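Quick notes on the structure that follows.
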Amino acid sequence: MKEKDTLSIVKQALDDEISSLVHFRDQLDPSVKDCIDLILNSSGKVIVTGVGKSGDIAKKISHTLSSTGTSAYFLHPTDASHGDSGIVGPDDVVLAIGKSGESEELNYILPTLRKIGAKIVGITANAKSKLASLSDIVIITPVLKEACPLDLAPTSSTTIALVLGDAIAVALMELKNFQANDFALYHPAGRLGKRLSLYLSDVMRKGKRNASIPVDANLETILKEITEKGIGATGVVDSHSKLIGLITDYDIRKYLTKKTLLPTVTAKDMMNANPSSFRPEEKAYDVLIKMEGRERPISVAPVVDETGLFVGMISLHDLLQRGL
């Protein structure tokens with residue numbers, strides 16, 4: 001017997017799932033709109049439930065909804081039948097997922113949830129199932145073929161349920177005008193959350209950590225400030241603490257290679273009088289991109305407020321260290 005090619009098996013499984021997805025999309029049940037309208041008009045939360053593989057999909061859908069502006073929770077049917085149904089309120093919408101629609105554990109709790117007052121949306125491939133009969137709205141999810149060679153293990157069917165959940169979440173996002181700032185509110189941690197929610201004022205070196213010298217500072221003062229603050233640069237300010245220049249290690253080296261070092265040299269003689277600067281209200285990730293994206297990238301930059309006051313210093317190292 002000829003041994004099957006592994007990649008061919010994988011491609012066939014992908015083809016089976018893709019074809020089932022395309023079929024589902026082309027035959028999309030109009031009840032999806034009814035489900036979305038029901039959630040939009042509800043003052044309660046969304047409860048997502050299912051058992052087995054469908055339960056795993058239900059968990060993911062509940063997390064996606066919650067993180068995109070629709071309050072949602074996963075409820076395991078077994079736990080619900082032992083008291084956890086108390087989480088369900090009369091204004092809630094229940095998404096009940098089951099391919100066959102005949103899971104006893106799931107169907108057992110639905111009459112109770114209906115008595116509480118919740119609306120039931122059944123997601124199933126079986127229009128004649130008990131789950132369908134217990135639901136206020138039924139979304140039929142036809143499956144051409146499971147990717148499983150025995151056509152038994154939930155594969156294409158769970159993929160369809162997962163994609164449907166994502167599509168519902170996306171539709172709700174758009175209809176609620178859910179924006180990037182809203183997304184950041186629910187994702188304060190992790191790289192994505194930091195890129196959306198972290199501002200320069202949260203990262204910059206300020207107060208006593210900020211390197212700053214007066215315009216008439218001598219070389220000793222300049223070197224001492226740069227060394228003590230450990231950022232490789234110092235801002236130069238006027239008598240009103242407004243930024244008028246920047247001195248980096250590079251500026252010092254450049255000055256020493258071109259001019260004689262005199263005892264009278266001051267910060268004004270060495271400084272870059274037109275440095276790139278940023279505002280404290282700019283997003284930290286945007287600043288990182290600007291610093292790295294220049295024709296000649298910069299590793300440190302001053303931060304000034306709307307009046308020109310020198311309020312902080314930011315370094316590429318500090319931005320990267322925050323996980324951006």
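In the stretch 140-151, what count of residues is obtained for those that are of a type outside the set (Gly, Ala, Ser), within 13 Å of ASP16 (Cα to Cα) and touching an Asp or Glu at 6+ places or on another chain (Cβ under 8 Å)?
Final tally of qualifying residues: 3.
Which one of the conditions (1) surrounded by 14 or more Cβ atoms within 10 Å (Cβ to Cβ); (2) free of Cβ contacts under 8 Å to residues at least 24 places away in the same chain does THR266 fail to meet, given that it meets all the rest?
Single failed check for THR266: (2).
Which ranges mark the helices (runs of 4 or more DSSP H) fully within the stretch 131-221 that have 1 or more residues being out of contact with any Leu (no Cβ under 6 Å at 6 or more places or on another chain), without any contact (Cβ under 8 Å) to a residue 60 or more places away in the chain and exposed (fewer than 14 other Cβ atoms within 10 Å of the Cβ)?
156-175, 180-186, 190-197
Using the structure shown, decide if SER100 is of a type outside the set (A, V, I, L, M, F, W, C), open to solvent by 20 Å² or more (accessible area, probe 1.4 Å), within 17 Å of ALA171 (Cα to Cα) and touching a residue at least 24 places away in the same chain (Cβ under 8 Å).
Criteria not met by SER100.
List pairs: first in the stretch 235-262 and within 13 Å of PRO275 (Cα to Cα), second assigned to a loop (DSSP other than H, G, I, E, B) and charged (D, E, K, R), Cβ under 9 Å, 6+ apart or cross-chain?
ILE244/ASP238
Could you please find all residues in the stretch 38-50 being open to solvent by 50 Å² or more (accessible area, probe 1.4 Å) and out of contact with any helix residue (DSSP H, G or I) (no Cβ under 9 Å at 6 or more places or on another chain)?
Residues satisfying the conditions are ASN41, SER43.
Only one of ASP26, ASP5, ASP16 is more than 25 Å from GLY117 (Cα to Cα) and either open to solvent by less than 30 Å² (accessible area, probe 1.4 Å) or of a type in the set (Phe, Trp, Tyr) (or both). Can you tell me which?
Going through ASP26, ASP5, ASP16 in turn, the sole match is ASP16.
Output the number of residues of the stretch 63-83 satisfying the condition of being out of contact with any Phe, Trp or Tyr (no Cβ under 7 Å at 6 or more places or on another chain), in a loop (DSSP other than H, G, I, E, B) and either on the phi > 0 side of the Ramachandran plot or modelled with pLDDT of 95 or more (or both).
Going through the stretch 63-83 one residue at a time, the tally reaches 3.
Please indicate, with yes or no, whether at least one residue in the stretch 285-300 is open to solvent by 20 Å² or more (accessible area, probe 1.4 Å), among the β-branched types (Val, Ile, Thr) and under 25 Å from LEU196 (Cα atoms).
Among the residues of the stretch 285-300, at least one is open to solvent by 20 Å² or more (accessible area, probe 1.4 Å), among the β-branched types (Val, Ile, Thr) and under 25 Å from LEU196 (Cα atoms), which makes the answer yes.
Let me spell it out: the conditions are (1) under 21 Å from THR112 (Cβ atoms); (2) of a type outside the set (Gly, Ala, Ser); (3) out of contact with any Phe, Trp or Tyr (no Cβ under 6 Å at 6 or more places or on another chain), and ILE47 meets all of them except one. Which number is the exception?
Only one criterion is unmet by ILE47, namely (3).
For the stretch 78-127, how many residues meet the condition of being touching a Gly at 6+ places or on another chain (Cβ under 6 Å) and farther than 30 Å from THR155 by Cβ?
Qualifying residue count, the stretch 78-127: 4.
What is the residue count in the stretch 115-124 for residues that are hydrophobic (A, V, I, L, M, F, W, C) and either surrounded by fewer than 19 Cβ atoms within 10 Å (Cβ to Cβ) or over 35 Å from the mean Cα position of the chain (by Cα) (or both)?
Residues meeting the conditions: 1.
The values are calculated or read from the model by the stated rules, or taken from the named source; none is laboratory data. The model shown is predicted, which means the values in this text are computed figures rather than measured ones. We place every Cβ from the backbone using ideal geometry, glycine too, and count neighbours over all the protein chains shown. Ligands, DNA and RNA are stripped out before the accessible areas are found, and what is left, the full protein with its side chains, is counted by its heavy atoms. Shrake-Rupley method; radii C 1.70, N 1.55, O 1.52, S 1.80 Å.
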